[in-house]
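This report concerns only the one structure given below.
The values are calculated or read from the model by the stated rules, or taken from the named source; none is laboratory data. Please read these numbers as outputs of a predicted model, since none were measured by experiment. Cβ placement follows ideal geometry from the backbone for every residue including glycine, while neighbour counts extend to all protein chains displayed.
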Amino acid sequence: MSKNPLRDLSNEGVSVWLDYLDRKLVRTGRLARLIEEDGIRGETSNPTIFQQGISTGSEYEDDIRGLAARGRGAEEICWEIMIGDVQAACNVFRPLYDRTNGEHGYVSLELNPTLAHNTEESIAEGRRLWERVGRPNLMLKVPGTVEGLPVVETLLSEGLNINVTLLFSVRRYEEVIDRFFAGLEKRLAEQKPIRGIASVASFFVSRVDTEADKRLDAILAARPEKSGAIAALRGRIAVANSRLAYGAFLTKFDGERWKRLAKQGARPQNPLWASTSTKNKAYSDVLYVEELIGPHCVNTMPEETIDAFRDHGASRRTLTDETIAEAREVFASLSEIGVDIEEITLGHLVKDGVRKFEVSYEDLLRTIAEAAAGSK
């Protein structure tokens, strides 16, 4: 094992991305150091991350005031700042992107979260952001809602790099893979190249345990005789869910449909493990990294999880035929005690995830509006 366990992950086929973005990270050189010293290979952002960055520091005050003085509204200022930060991060990652021929070095920017249930406006928004950012190593984040599926297919067919986000359900993930295939197939039918188009599918992890544990607690309160079965399941649902998603990935990307695309130069849409910080302090702070290690994976981590894994993480392959089989057994036990995983992953968590990003976006606009008003 090397002195830096983060670098060991790449030996197992895992690309580590940073789940945070603000301009201080870029301007201080810290992002460049993370790439150089820890082998960070990409970066993700979302409305919550931008809301945290802009509302807690003074880095953005001058820009907000200057743009407000030129008559820009809060939403215009918001996107000016977010696009600028993403462009700067893309520039830092560009040497890695070029050196690896586009295999690594991507930065993700979320579409306007208020459009998560509007297909046509999301497609138009994706096209606008792609042009405005103007970086080949940009990934546009499209939510995995029912309305987001055709957005994924359309934008991929137009040659844009796509990060499908807010995935919780294995069934929805399989639908996303089918849309990925369809987008590339449409592009080929139009005699356009598919080589170099990049995509990941962001499967959220820790939130599944948070919700599953609530269901388990409710069952325990009503049926204390089930304490043994519940104890055996606690803290295992999110990992099992993600392992089944990985099993779906292996199956889909071993089929004839994919092989035809691969012959034309397509890259696989790799699964990305998101929401990997541990919410329950009773669980290991590197649980959602150590238990999801295997080829063709991305793990996007906040800085505290990166620091924890660098300090005491263990890198060994944990996505295997055996662990996927164990995941099926976990789900069978979960069903036996009356927990409906689809209600959690395809119902509650998608709606809650979209709403959380909407709230963060609204809070961000409010913060900017207040700062702008103070400059007048």
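Looking across the stretch 97-129, just one residue is surrounded by fewer than 20 Cβ atoms within 10 Å (Cβ to Cβ) and under 15 Å from Gln87 (Cα atoms), and that is Arg128.
Could you grab me the full set of residues in the stretch 173-204 that are within 21 Å of Ala274 (Cβ to Cβ) and polar (S, T, N, Q)? Within the stretch 173-204, Ser199, Ser202 qualify. Looking across the stretch 204-240, the residues that are out of contact with any strand residue (DSSP E or B) (no Cβ under 7 Å at 6 or more places or on another chain) and under 25 Å from Leu140 (Cα atoms) come down to Ser206, Arg207, Val208. Please determine whether any residue of the stretch 158-172 is at pLDDT 95 or above, surrounded by fewer than 21 Cβ atoms within 10 Å (Cβ to Cβ) and in a helix (DSSP H, G or I). Checked the stretch 158-172: at least one residue is at pLDDT 95 or above, surrounded by fewer than 21 Cβ atoms within 10 Å (Cβ to Cβ) and in a helix (DSSP H, G or I). Counting only helices (runs of 4 or more DSSP H) that sit completely within the stretch 283-376, those holding 1 or more residues that are within 23 Å of Leu233 (Cβ to Cβ) and not acidic (Asp, Glu) correspond to 287-290, 321-336, 349-374. Provide a single number: the residues in the stretch 62-72 that are among the charged types (D, E, K, R) and either closer than 14 Å to Arg366 by Cα or part of a loop (DSSP other than H, G, I, E, B) (or both). Residues that pass the stated criteria total 2. Cβ separations smaller than 6 Å between residues 6+ apart or across chains give the following pairs from the stretch 54-78 residues that are within 24 Å of Tyr20 (Cβ to Cβ) to residues that are in a helix (DSSP H, G or I) and of a type in the set (Gly, Ala, Ser): Ile64/Ala371; Ile64/Ala372; Ala74/Ala369.
For the stretch 50-69, filtering for residues that are under 8 Å from Ile81 (Cβ atoms) and of a type in the set (Gly, Ala, Ser) leaves 0.
Within the stretch 22-51, the set of residues being under 18 Å from the mean Cα position of the chain (by Cα) and aliphatic (A, V, I, L, M) comprises Ile40, Ile49.
The set of residues in the stretch 213-240 that are closer than 19 Å to Asp285 by Cβ, among the aliphatic types (A, V, I, L, M) and touching a Leu at 6+ places or on another chain (Cβ under 8 Å) comprises Ile237, Val239. Is at least one residue of the stretch 35-58 on the phi < 0 side of the Ramachandran plot, buried (at least 18 other Cβ atoms within 10 Å of the Cβ), part of a helix (DSSP H, G or I) and among the basic types (Lys, Arg)? No, that holds for no residue. Consider the stretch 272-287 and keep the residues that are of a type in the set (S, T, N, Q) and touching a residue at least 60 places away in the same chain (Cβ under 8 Å). The one that is surrounded by the fewest Cβ atoms within 10 Å (Cβ to Cβ) is Asn280. Applying the selection to the stretch 4-34, what residues are part of a loop (DSSP other than H, G, I, E, B) and either touching a Ser or Thr at 6+ places or on another chain (Cβ under 7 Å) or not aromatic (Phe, Trp, Tyr) (or both)? Listed by number, the residues that qualify are Asn4, Glu12, Gly13, Asp19, Leu21, Asp22, Thr28, Gly29. Considering Ser333, Ser360, the condition of being polar (S, T, N, Q) and modelled with pLDDT under 95 is satisfied by Ser360 alone. Give Trp79, Trp130 a once-over and let me know the one that is hydrophobic (A, V, I, L, M, F, W, C) and under 21 Å from Arg195 (Cβ atoms). Being hydrophobic (A, V, I, L, M, F, W, C) and under 21 Å from Arg195 (Cβ atoms) holds for just one of Trp79, Trp130, which is Trp130.
State whether the residues of the stretch 206-218 include one that is of a type outside the set (A, V, I, L, M), crowded, with 21+ Cβ neighbours inside 10 Å and under 25 Å from Gly159 (Cα atoms). The answer is no; no qualifying residue exists. If you check His312, His296, His348 for being in contact with a strand residue (DSSP E or B) (Cβ under 9 Å, 6 or more places away or on another chain) and either surrounded by fewer than 19 Cβ atoms within 10 Å (Cβ to Cβ) or more than 26 Å from Leu244 (Cβ to Cβ) (or both), only one passes: His296. Remark: Ala201 matches the filter, which requires a residue to be aliphatic (A, V, I, L, M) and within 25 Å of Met139 (Cα to Cα). Within the stretch 335-360, residues that are under 25 Å from Glu110 (Cα atoms) have Cβ atoms under 6 Å from residues that are acidic (Asp, Glu) in these pairs: Ile344/Glu211, counting only partners at least 6 apart in sequence or on another chain.
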